[in-house]
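Report on the following structure.
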Amino acid sequence: MKIIIINGPNLNLLGKREPEVYGSDTFEDYFSKLQFKFKEIELEYFQSNIEGELISKIQETGFTYDGIVLNAAAYTHTSVGIADAIKAVETPVVEVHISNTHKREEFRHVSYISPVAIGVILGFGLKSYDLAIESLKN
Ligand code: CA2
C-alpha cells in the first residue's frame, strides 16, 4: 500500500513557530514516527508553499497511490484549483488539519477540500495524520 502525505504552505515551520497552536514537533520528526508505526505502508511526504506544486503532486500521485493525506493549510479555505485536482484524480483524499478549524476564525470554517475529500479529520494535533492513515488502511 502506498500513501502520500501532502502538506501545504507554512507547514514547513511546524515545531519552529507558534508551538502553542501547532505543537513543538517538526513534521520530519513526526514523519519518522509514522514510518516506524506503519511499516507495512510505503509512506511518502511532500510539502510545498506553492499552490501549483501541490496540484501537480496530486495529479502525479492521484492515479497510482492508494491514498493521499492532504493538509492544504491556508489553501483549504481558498483553492478551487486544488479541489478540481482532487475531483480529477482517482486516489481517495483524506483532508487533515492539526487544529480544530471550527474553533478558530470564521474564514477557517470554510473548506473547498471537504466536498471532494472522502473524509475529514481535524483538531487532534499531529495525531490527525495518524488517524487519516488508519482510515485509509481500513
Ligand atoms: O490546522 C491546520 O492544520 C491548518 O491547516 C494549518 C494552516 C491554517 O491556515 C489552516 O487554517 C489550518 C496553517 C499552517 C501554518 O503552519 C504553521 C506552523 C508553524 C508555525 C506557523 C505556521
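The values are calculated or read from the model by the stated rules, or taken from the named source; none is laboratory data. Remember, it's a predicted structure, so these values are computed and weren't measured experimentally. Quick reminder, even Gly has a Cβ in these numbers, built from the backbone with ideal geometry, and neighbours come from all protein chains shown. Ligands, DNA and RNA are stripped out before the accessible areas are found, and what is left, the full protein with its side chains, is counted by its heavy atoms. Shrake-Rupley method; radii C 1.70, N 1.55, O 1.52, S 1.80 Å.
If you go through the range 4-37 one residue at a time, how many are in contact with a helix residue (DSSP H, G or I) (Cβ under 6 Å, 6 or more places away or on another chain) and more than 16 Å from the ligand (Cβ to nearest atom)? So the count comes out to 1. Considering the range 40-60, and only residues there that are more than 12 Å from the chain's Cα centre (by Cα) and not charged (D, E, K, R), the residue that is farthest from Thr26 (Cα to Cα) turns out to be Gln59. Restricted to the range 115-130, and to residues there that are out of contact with any Ser or Thr (no Cβ under 9 Å at 6 or more places or on another chain) and closer than 13 Å to Ile68 by Cα, the residue that is nearest to the ligand (Cβ to nearest atom) is Tyr129.
Do you know which residues across the range 17-64 are in a strand (DSSP E or B) and in contact (Cβ under 8 Å) with a residue 60 or more places away in the chain?
Of the range 17-64, the ones in a strand (DSSP E or B) are 42-47.
Matches in the range 17-64: Leu43 only.
Filtered by the rule that a residue be surrounded by fewer than 19 Cβ atoms within 10 Å (Cβ to Cβ), part of a loop (DSSP other than H, G, I, E, B) and of a type outside the set (Ser, Thr, Tyr), the range 91-116 gives Pro92, Asn100, Arg104, Glu105, Val110. The number of residues in the range 32-74 being farther than 22 Å from Asn138 by Cβ and aliphatic (A, V, I, L, M) comes to 7. Looking only at residues in the range 65-87 that are away from the ligand (no atom under 16 Å from the Cβ) and in a helix (DSSP H, G or I), the one that is surrounded by the most Cβ atoms within 10 Å (Cβ to Cβ) is Ala85.
Consider the range 118-138. How many of its residues are of a type in the set (A, V, I, L, M) and either surrounded by fewer than 19 Cβ atoms within 10 Å (Cβ to Cβ) or assigned to a strand (DSSP E or B) (or both)? Result for the range 118-138: 5.
Tell me, which residue of the range 15-39 that is among the small types (Gly, Ala, Ser) and open to solvent by 60 Å² or more (accessible area, probe 1.4 Å) is farthest from the chain's Cα centre (by Cα)? Steps first, answer last, please.
Just the residues of the range 15-39 that are among the small types (Gly, Ala, Ser), to begin with: 15, 23-24, 32.
In the following step, the residues that additionally are open to solvent by 60 Å² or more (accessible area, probe 1.4 Å) were identified as 24, 32.
Numbers: Ser24: 18, Ser32: 16 Å.
Once the filter is applied, the top-ranked residue is Ser24.
Cβ separations smaller than 6 Å between residues 6+ apart or across chains give the following pairs from the range 70-93 residues that are of a type in the set (Lys, Arg) to residues that are open to solvent by 20 Å² or more (accessible area, probe 1.4 Å): Lys87/Val116. Taken over the range 94-116, residues that are closer than 10 Å to Ala72 by Cβ and of a type in the set (A, V, I, L, M, F, W, C) amount to 2.
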